[in-house]
Structures are given as structure tokens and as C-alpha cells.
Amino acid sequence: MTGTAVVVGAGIGGLATAIGLRRAGWSVSVVERRTETARYGTALGIHPTAQSALERLGVDAAFGGRAVPYRGARIRTPEGRVLASLPLERIERKAGRPELLISRPHLIDALLAALDAFGDVPLTYGENVFDVEALVTGHDLVVGADGIRSVVRAAYFGERSGPREVGTVAWIGTADFESGIHGETWGSGRFFGMTPVEPGRTNWYATVPGTVPAGDLPGYFEGWHDPIPRILTETDPAGWISYGIRHLFPALPAFVRAGKVALVGDAAHAMTPNLGQGACTAVLDAEALARNVARHGRSALPAALRGYDAERRRSAQRVAFGSRGLHRFMTTGRTGLRDSLVRLLPG
Ligand SMILES: Cc1cc2nc3c(=O)[nH]c(=O)nc-3n(C[C@H](O)[C@H](O)[C@H](O)COP(=O)(O)OP(=O)(O)OC[C@H]3O[C@@H](n4cnc5c(N)ncnc54)[C@H](O)[C@@H]3O)c2cc1C
């Protein structure tokens, strides 16, 4: 083995990083504060670039047939008028493969299986890391993959950057029927999205201006086109998840510190979900970090981390900035101007 690494957090970013570092020949361990893998979460978009990164990590990006291609999605008004297409077909033409949707538990399972296959990467559940310094002393490399409230970030990058609420609340869930149409419907200060996820089911997400009880959510979409009201009245609110939309602010001046600490995923650049890039950017970070570490070797770890930072920081922060801007645009009250601009998008 070329060095020892500990990864804090067993989400998508942490598991992908552990796989990459182990493939690079490092001795890797993962610590996770939850007592078991969280088996919830709805569909995540996997862009072709993230699919390629997963393949470079040795992970089957078709997820054993459990991912579905995302095509034919439109942006609509609440009355159901089509304003534009989401750029999925353009992405597919350019990349030669479609954007995929995979439910978060399936993606986590695929990553866990790839990690298990090594047989020598311990994943310790129920370990809530507080003492980052002790990890840094005991390992050649510490990776903070511990999400938007990262303790690794707080310890090594200071408290200046932290989670910032953007003032809206997201609701996500799965309906037990196929919606027939996909895409997003944009109203004033709120929107509703529907995507495929697996046969017979529809992944949906909604954003409203503030915290509301689940029972009030259908009222925000009353009179919207089919099947939006049906999704909200025919699915069990007990299966819905809601969270205040946040992003990391201000953007970090570096993703690496002290020649032996690196951040990946939400710990480095948590973003609003509007561009659907949270999981993708975490995978891209993981693959880039592992590749730079493999290229430079343990003796040149600071150079490897600088290479990772140069490759990923601006790119990930651009995506986060774009996602925040899109959130503003989608939830504006000036719907007339917004919809006129959306109609100008190429088909
Ligand atoms: C349970 C769960 C469900 C989600 N569901 C969705 C969804 O449905 N749709 C969507 O778009 N996004 C969802 N997300 C977010 C999405 O997966 C992430 O934004 C994206 O994949 C980036 O992942 P990440 O690995 O960087 O961070 P995260 O997914 O946040 O993972 C961070 C991990 O670090 C662990 N951790 C945090 N602090 C510590 C500590 N001190 N010590 C040890 N471990 C620690 C956390 O428990 C967590 O497992 C979900 C995240 C989680 C954790």
C-alpha cells in the first residue's frame, strides 16, 4: 500500500473517494456517524461525465439496469403549456449517452458493493467524528466527505463558509404510478418536477416559498395541470421528505489544506438542487482526487492535492453558482418576463 487515508462520511462522495483511493493502492478506512446506511432518498441525475467517472472508478454506470435514461422532459406553465425543452437530448447528442436517473439507495448500494469487493476497506458506522486533528495525526490523508455541515471543513478551513438557507423548502417523493409526462412546471415562487425512476413509478420534487405542513402542500399546486394534483393527493405524505434548500456560502478559497486534508462533494461546495448536479459533482471530485493521488504517489501528496484543487474547485463552484442562479430564476415572482426568456431557449 502506498499510504493511509481516512474518509469521513459514507455518502456518495465518501464511498466513491474510498473506492478510488483503494484502487490507487492506498490503505483506506471510512467512518460514518450514522449507525447504518440511510436507505432513503429519491432519484438522482447522473450526467454522462459522472457516468464516465464512475466507470473509471470501476463502478458499472448502468447500475445493473436499475438506472433509467432521462429524455423528453419539458418546462411547462401551471396550465400545462410547454415553454421549452430541458436540454437532455442536446446533452445526449454531445456525449453519445443519455443522462441517467437512479434512486439514491441503488446508487449507494452500487458503491458499497464496489467497496466491499476489495475485502479490506473497513467502514465503521456510528462514529461521529469530532477530533479531526487526531485523524490528521494518524493518517497520511484525511478526506472530508461529511456533507454540508462538514466538521473537517470547520476544523481545517474555518467557520467562515457554512450552510446558507435560500428561503425555499423542497419536498421530494415517489408516486406509485407513471406520470406520462416529465419535466418541470414553473409557477410564481414555486415549481414542481416529475422524472422517471423505475417502471410503474414517478420521482417528483416540489419547491414552495417556506415551511408548510405536508397537508398544505397540495394547496400550493391546486389547479395545476395533470397529474400534479393527483401525485400530491394519491401518494402517502408519510413517504415525503422535506428540507430547507441551502448552499455553501461563501465559496471556499481552497478544497485542500496542509498538504494532507481534502474536501469532496457537499463538504466542499454544497449547492441548491436546481441543476441536479449534487451527486455528479461529488463523483467527479472523488475520481479526480483519487487520480491525482495515484499519479503523484504518497511522497508528493501536497502536489497531488494541488492538482485536485486546480482541476475541480473552479468547475464545481461554477456549477454551484449556476444552480443558485437557476433557483432564483425558477422561483421569481416575475413570471411573465421569466417565461418569455425560457421560450427563447433552443428546442
Ligand atoms: C440520507 C440522505 C438522503 C439524500 N436524499 C437525496 C435525495 O433524495 N435527492 C437529492 O437530490 N439529494 C439527496 N441527498 C443529497 C445528495 O446525496 C448529496 O447532495 C450528494 O450526493 C453529495 O453527497 P456527499 O457524499 O458529498 O454528502 P452527503 O450525502 O451529505 O453525505 C455525507 C455523509 O457524511 C456523514 N457525516 C456527516 N458528518 C459526519 C461526522 N462528523 N462524522 C462521520 N460522518 C459524518 C453523513 O451522515 C453522511 O452520510 C441525500 C443525502 C443523504 C445523506
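Summary table
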read-out: J(HN,Hα) series, the range 207-212, from Karplus relation 6.51 cos²θ - 1.76 cosθ + 1.60, nearest Hz, glycine and proline x; value: 10, 10, x, x, 6, 9
read-out: Rough spin-label spacing in nm, given labels placed 7 Å along Cα→Cβ, for Lys94 and Arg39; value: 3.8 nm
read-out: Within the chain, longest stretch free of exposed chymotrypsin sites (Phe, Trp or Tyr not before Pro) [DSSP loop, at most 15 other beta carbons within 10 Å]; value: 178-347
read-out: Equivalent ellipsoid dimensions for the chain as semi-axes, Å, which come from the Cα gyration tensor, largest first; value: 36, 20, 19
read-out: Translational D in µm²/s for the range 24-114 (Stokes-Einstein at 10 °C, 1.306 mPa s, Kirkwood Rh from C-alpha pairs); value: 103 µm²/s
read-out: Carbon + sulfur, % of accessible area of the range 1-147 - ligands and nucleic acids excluded, 1.4 Å; value: 51 percent
read-out: Span-rule helices in the chain, defined as complete DSSP H runs reaching 24 Å or more along the axis (Cα) with Kyte mean at least -0.5; value: 278-296
read-out: Considering only the chain, percent of DSSP beta bridges that pair antiparallel, nearest 5; value: 65 percent
read-out: Cα gyration tensor category, rounded, prolate or oblate, for the range 70-159 with a/c compared to 1.5; value: prolate
read-out: Environment charge of Gly333, counting only residues whose C-beta is closer than 14 Å and scoring Lys/Arg +1, Asp/Glu -1; value: +3
read-out: Loop-located trypsin sites (Lys or Arg not before Pro) in the range 114-177 whose Cβ has at most 11 other Cβ within 10 Å (DSSP); value: Arg160
read-out: Farthest positive-ward along the chain dipole, Cα basis, beta-carbon charges - from Pro227, Gly20, Gly41; value: Gly20
read-out: Dipole magnitude of the range 191-347 about its Cα centre (Cβ charges: Lys, Arg +1; Asp, Glu -1), debye to nearest 20; value: 1040 debye
read-out: Cα coordinate range in the range 161-316, projected on the principal axes (Å, largest first); value: 61, 33, 25
read-out: Cβ-Cβ FRET estimate between Ser52 and Phe118, R0 fixed at 25 Å, reported to 0.05; value: 0.70
read-out: Sparse-neighbourhood loop sites, trypsin sites (Lys or Arg not before Pro) in the range 239-347 - DSSP loop, at most 16 other Cβ within 10 angstrom; value: Arg334
read-out: Length gained when the stretch Asp226-Leu344 is fully extended (0.36 nm per residue, less Cα-Cα span); value: 40.0 nm
read-out: Computed [θ] at 222 nm, helices only, for the chain once each DSSP H run of length n ≥ 4 contributes -39500 (n - 2.57); value: -11000 deg cm²/dmol
read-out: Value of Rg/Rh across the range 234-347 [Cα atoms, Kirkwood radius]; value: 1.12
read-out: Per residue solvent-accessible surface (Å²) - the chain, probe of 1.4 Å; value: 43 Å²
read-out: Over the range 274-327: Kirkwood hydrodynamic radius from C-alpha pairwise inverse distances, Å; value: 11.8 Å
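The values are calculated or read from the model by the stated rules, or taken from the named source; none is laboratory data. The model shown is predicted, which means the values in this text are computed figures rather than measured ones. In this analysis, Cβ positions are derived from the backbone assuming ideal geometry, glycine residues included, and neighbour counts consider all displayed protein chains. Accessible surface areas use protein heavy atoms only, side chains included; no ligands, DNA or RNA. Shrake-Rupley method; radii C 1.70, N 1.55, O 1.52, S 1.80 Å.
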